[in-house]
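Asker: Before anything else, here's the structure in question.
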Amino acid sequence: MTDVASIQIEGLDRVLARLEKIGKIPQEELAKVGKSGMEIYVEGPAKEKCPVDEGRLRGSIVTITENDSVKTGTNVNYGRYIEFGTGIYAEGGRGRQTPWVYLYSGHKGRAGFRTTRGAHAQPFLRPAWDNGKKKVIEHIRNELRKAVQV
C-alpha cells in the first residue's frame, strides 16, 4: 500500500463558512453598502467642490443604485459644461473654437447680448471620485468583513 501524504489547512472550515456567508449576502445589501460609501466619500466631496451660482447644480448631485451599479452624478444638463469647460477652454480642445453671442437674462448684472469664447472647466465630480475611490473600496471591504464574521 502506498503512503499518501496529507496536508491539513488550519482554519479552512472558517474560510469555507465565510465564503458561504458571502454567497448569501443579498444583492440589495451589497448595493446599499456601495451606495453609502459613495455618498460619504464621493457625493459629499463633489458637493463641496461644486461651484455655486444659484445652487441648482450642487443640489442635484445624488447617488443612485441602478441594477447592479451605484452612480454619483447630476441630471442638470449644464453640469457637463461646468465639469469639462466650453469653447476654447474645453478639455481636450473639443469645444467651439470661435466666439459666440448669447442673450443674458440679467439676473446678475445688466440684461442684454454678451459675447464669449467659452468657460474654463471647474471639475467637481472627477476629483471627488479620484480622491474617494480607495475610501469607497475600503468602506465596502470593511462592511463585508463585518457581514461575514464567523
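The values are calculated or read from the model by the stated rules, or taken from the named source; none is laboratory data. All figures in this text were calculated on a predicted structure; none of them were measured in a lab. Neighbour counts run over all protein chains shown; Cβ positions are idealised from the backbone, glycine included.
Asker: Only one residue in Ser36, Ser60, Ser69 is within 14 Å of the chain's Cα centre (by Cα), under 17 Å from Trp129 (Cα atoms), among the hydroxyl-bearing types (Ser, Thr, Tyr) and modelled with pLDDT under 85, so which one is that?
Answerer: Ser69
Asker: Let me ask something else about it. Would you pick out the residues in region 77-126 that are part of a helix (DSSP H, G or I), surrounded by 11 or more Cβ atoms within 10 Å (Cβ to Cβ) and on the phi > 0 side of the Ramachandran plot?
Answerer: The one that is part of a helix (DSSP H, G or I), surrounded by 11 or more Cβ atoms within 10 Å (Cβ to Cβ) and on the phi > 0 side of the Ramachandran plot: Gly87.
Asker: For region 132-141, state whether one or more residues are within 22 Å of Glu28 (Cα to Cα), surrounded by 11 or more Cβ atoms within 10 Å (Cβ to Cβ), at pLDDT below 90 and in the same structural domain as Ile40 (by TED's automatic domain parsing).
Answerer: So far as region 132-141 goes, yes, one or more of its residues are within 22 Å of Glu28 (Cα to Cα), surrounded by 11 or more Cβ atoms within 10 Å (Cβ to Cβ), at pLDDT below 90 and in the same structural domain as Ile40 (by TED's automatic domain parsing).
Asker: From the residues in region 38-76 that are loosely packed, with under 12 Cβ neighbours inside 10 Å and small (Gly, Ala, Ser), which one is farthest from Gln27 (Cα to Cα)?
Answerer: Gly55
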